[in-house]
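Laboratory data are not the source of any read-out in this text; all were calculated from the coordinates shown. All of these numbers come straight from a predicted model, not from anything done at the bench. Please note: Cβ atoms are built from the backbone with ideal geometry, for glycine as well, and neighbour counts cover all protein chains shown.
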Amino acid sequence: MYSNRQRNEEQEERMSKTVTLRLDDTVYQLFRGVAERENRPISNFIETAVLRFVQDYETVDEFEMGEIRANTGLNQSLKRGYLDAKHRHGSFV
C-alpha cells in the first residue's frame, strides 16, 4: 500500500517540468514562425527539435555501426577494456 508521500513523489516525477530559456529576438521569431507553420506551441517545437537533435547525435546509424563492427582492432580493444573493467584491472580515468 502506498503512503500519501509516495503517491505525491510519483506524481511529481510524472509531471512536466518548467524550463526558462532566454532567446535572442531573431531566434525567437524563427522558432515562433516554424511553430506557427506547424500549428503547435513554441514549447512543443523546441522540445521536439531538441529531442531529434539528441537522438541524431546519441545513436549510431546502420552505416556507422557497420564500420564499427568491421573494425577488428577496435573490437579487440573494446573487449580487452571490458574484461579489464570486469576484473577491476587498471584504473578508471
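Things worth noting here:
- Ranked packing of 30-43, 11-24, most packed first, by mean Cβ within 10 Å: 30-43, 11-24
- Note on Thr59 and Arg88: the extension gain reaches 7.6 nm, defined as 0.36 nm multiplied by sequence separation minus the Cα-Cα distance.
- Relative counts (whole %) of C-alpha pair distances in region 17-59, using bins that are 10 Å wide: 26, 51, 23, 0
- Nearest-ten-degree value, helix 4-14 long axis tilted from longest Cα axis of the chain: 90 degrees
- Ordering Gly33, Phe53, Leu83 by the projection of their Cα atoms onto the charge dipole of the chain, which places +1 on the Cβ of Lys and Arg and -1 on the Cβ of Asp and Glu, puts Leu83 at the extreme positive end.
- Label separation (Asp25 vs Arg40): 2.8 nm, computed from points 7 Å beyond Cα along the C-beta direction.
- When peptides 81-90, 55-64 are ranked by their average number of other Cβ atoms within 10 Å per residue, the highest-first order is 81-90, 55-64.
- Using θ = phi - 60° in the Karplus curve 6.51 cos²θ - 1.76 cosθ + 1.60, the 3J(HN,Hα) couplings for region 32-39 round to 4, x, 5, 4, 5, 5, 8, 6 Hz; x is entered for Gly and Pro.
- Here, P(r) means the percent of Cα pairs in each 5 Å bin from 0 to the largest distance; for the chain it is 2, 9, 9, 11, 10, 9, 9, 12, 14, 10, 3, 0.
- Applying 0.36 nm per residue to the separation of Asn75 and Glu12 and subtracting their alpha-carbon distance, the gain on full extension is 18.4 nm.
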